[in-house]
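The values are calculated or read from the model by the stated rules, or taken from the named source; none is laboratory data. Since the structure is predicted, the reported quantities are computational estimates derived from the model, not experimental observations. Neighbour counts are summed over all protein chains in view; Cβ atoms, including those assigned to glycine, are modelled from backbone coordinates with ideal geometry.
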Amino acid sequence: MPSIIHWIRRHRAASIVLVTTTLLLLQTSSWKVRQDESFIVPSIPISTHPVQASTNFTPPFRTRGRHILDALGRPIKLASINWYGASESDFVPGGLDVRHRDEIAQLILDLGFNSVRLPYADEIVSDNAVIGTGVIAANQDLLRGAPQGSPLRALDVFHAVVESLTTAGLLVIVNNHITQATWCCGMNPCDASWSNDWFGGQLLCRVSQTEEDWMRNWEKVMRPLVGNPLVLGADLRNEVRGLWGTMHWEEWASAAEKASERLLAMNPNWLMIVEGISSANDLSGVRERHVQLSVPDRVVYSAHVYKWSGWGSLRPFGGRSYEDFAAEMWKNWAYLVAEDTAPVWVGEFGTPDDQTDGDRNYWRHLVQFLSQVDVSWGYWALNPRKATGEWESYGLVGDDWDWSSTRSHDRLADLQRLGLNFEGRYS
């Protein structure tokens, strides 16, 4: 046994591949290709005039039926952009080497978004690494603002970015994206859940944490934000999927309730955002098992919809008819909206610069469906590149992180159909 443990420690990457492959084979053996179903989509309220995203809101916020309401009782539509980087190996939101964070916040506002989903990795909390000057080259004031003799750390930068966004009038949704700081989401089982202390977790996982560690990390991230009224709340965990997609809704809903109660004890006005299982595709379990909190009217559910989405069916959305796609959306999450049960925020979706036929098919269907149900949404992503330097084909800005580098105006035009207040300064 000691020799096996020694081999696992020395060959962690190989061990992860071995475990993942085994789980994949087991899961694949249970999959069945689902045949087309004669499923008629129940009546979904169709909006002929989608609500425009606005920064005219008064905190705090709450939920009522399918809506998020502000303090004056006005429905609020989230038109969000994902600004990532603090979830990756640089430990800070992207672009801070090119533009001041205030300028990026203003760019987001100019593009018409009213909110930002800001992901972080648990590793930036547990390690809180010292940040080098290179990744914040355009934000040297952060170094001058640090206490004398104290190094600038990852959480200092994260909180400064939140402050810039909310000072610009944008809402911020903080998102626990991944455990170890890297691109999400691959086949690594160590990042498939909010905790990875299952048998062998500390041996296999470079960053290992318990459920309690996860909740304490959340408290550490959110504590400095308690007094900021434009921090809308917490997107509790990105794309939970268990060990190769085997997560059960009951397990995740229970953990979400525990974390939510800890955060609501800090600020009862925050909204708690709970994603679906199977990489945020599936919220069907909510029908039988709601997330219930001690503070009422605080739960928002979240779905992610990409071309390749559709766990277990082996029929990605890029190849489906609109009727088939709409039926899947209904069963996965749209029933919550149509039945006026709870708000749903489609927190991630996107499409690349150069679209294949499958990309175009998926995107056309998604825009049509979202314009009908008129829900809050979040586009992935703002960034032009990943921390590795790889081009982000889904990004909306270029390497200069400014208006002149804005790309994909056809996508922005489609997002206007969904309520984006983009003025179309370029035709």
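Looking across A381, A342, one residue alone is over 24 Å from W183 (Cα atoms), hydrophobic (A, V, I, L, M, F, W, C) and in a loop (DSSP other than H, G, I, E, B). It is A342.
Out of (1) closer than 16 Å to A303 by Cβ; (2) modelled with pLDDT of 95 or more; (3) assigned to a helix (DSSP H, G or I), what's the single condition that is false for G347? Every condition holds for G347 apart from (3). Residues that are in contact (Cβ under 8 Å) with a residue 12 or more places away in the chain, among the basic types (K, R) and surrounded by fewer than 18 Cβ atoms within 10 Å (Cβ to Cβ) do occur in the stretch 394-410, at least one of them.
When residues in the stretch 215-259 are screened for being touching a Pro at 6+ places or on another chain (Cβ under 8 Å) and of a type in the set (S, T, N, Q), 1 of them pass. Of the residues examined, L111 is one that is over 25 Å from N269 (Cα atoms) and either under 21 Å from the mean Cα position of the chain (by Cα) or surrounded by 19 or more Cβ atoms within 10 Å (Cβ to Cβ) (or both).
Per the listing N176, N139, the residue uniquely under 24 Å from N114 (Cβ atoms), buried (at least 21 other Cβ atoms within 10 Å of the Cβ) and touching a His at 6+ places or on another chain (Cβ under 8 Å) is N139.
Only one entry of V397, V346 meets the criterion of being among the hydrophobic types (A, V, I, L, M, F, W, C), closer than 22 Å to S278 by Cα and in contact with a helix residue (DSSP H, G or I) (Cβ under 9 Å, 6 or more places away or on another chain), and that entry is V346.
Checking the stated criteria, N217 turns out not to satisfy the condition of being under 21 Å from the mean Cα position of the chain (by Cα), assigned to a loop (DSSP other than H, G, I, E, B) and buried (at least 19 other Cβ atoms within 10 Å of the Cβ). The stretch 1-113 holds helices (runs of 4 or more DSSP H) entirely within its bounds, and those carrying 2 or more residues that are at pLDDT 95 or above map to 101-110.
The rows are residues; the columns are (1) without any contact (Cβ under 8 Å) to a residue 40 or more places away in the chain; (2) surrounded by fewer than 23 Cβ atoms within 10 Å (Cβ to Cβ); (3) on the phi < 0 side of the Ramachandran plot; (4) part of a strand (DSSP E or B).
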position: V116; (1), (2), (3), (4): no, no, yes, yes
position: Y120; (1), (2), (3), (4): no, no, yes, yes
position: L143; (1), (2), (3), (4): yes, yes, yes, no
position: S150; (1), (2), (3), (4): yes, yes, yes, no
position: T166; (1), (2), (3), (4): no, yes, yes, no
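Within the stretch 122-136, the set of residues being outside any loop (DSSP other than H, G, I, E, B) and surrounded by fewer than 16 Cβ atoms within 10 Å (Cβ to Cβ) comprises V130, G134.
The rows are residues; the columns are (1) in contact with a helix residue (DSSP H, G or I) (Cβ under 7 Å, 6 or more places away or on another chain); (2) under 25 Å from S195 (Cβ atoms).
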site	(1), (2)
S87	no, yes
F91	yes, yes
G94	no, no
L107	yes, no
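Quick grid of which residues meet (1) under 26 Å from F158 (Cα atoms); (2) touching a strand residue (DSSP E or B) at 6+ places or on another chain (Cβ under 6 Å); (3) not charged (D, E, K, R):
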position: V231; (1), (2), (3): yes, yes, yes
position: M266; (1), (2), (3): yes, no, yes
position: A280; (1), (2), (3): yes, yes, yes
position: H290; (1), (2), (3): no, no, yes
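Hey, can you tell me all the residues within the stretch 84-107 that are within 17 Å of the chain's Cα centre (by Cα) and under 14 Å from V397 (Cβ atoms)? Once the filter is applied, which keeps residues that are within 17 Å of the chain's Cα centre (by Cα) and under 14 Å from V397 (Cβ atoms), the stretch 84-107 yields Y84, G85, P93, G94. For the stretch 293-313, filtered to residues that are modelled with pLDDT of 95 or more and of a type in the set (F, W, Y), the residue that is nearest to A79 (Cα to Cα) is Y301.
Set side by side, the residues N196, N176, N139 differ, and just one is closer than 21 Å to N217 by Cα and more than 16 Å from the chain's Cα centre (by Cα), which is N196.
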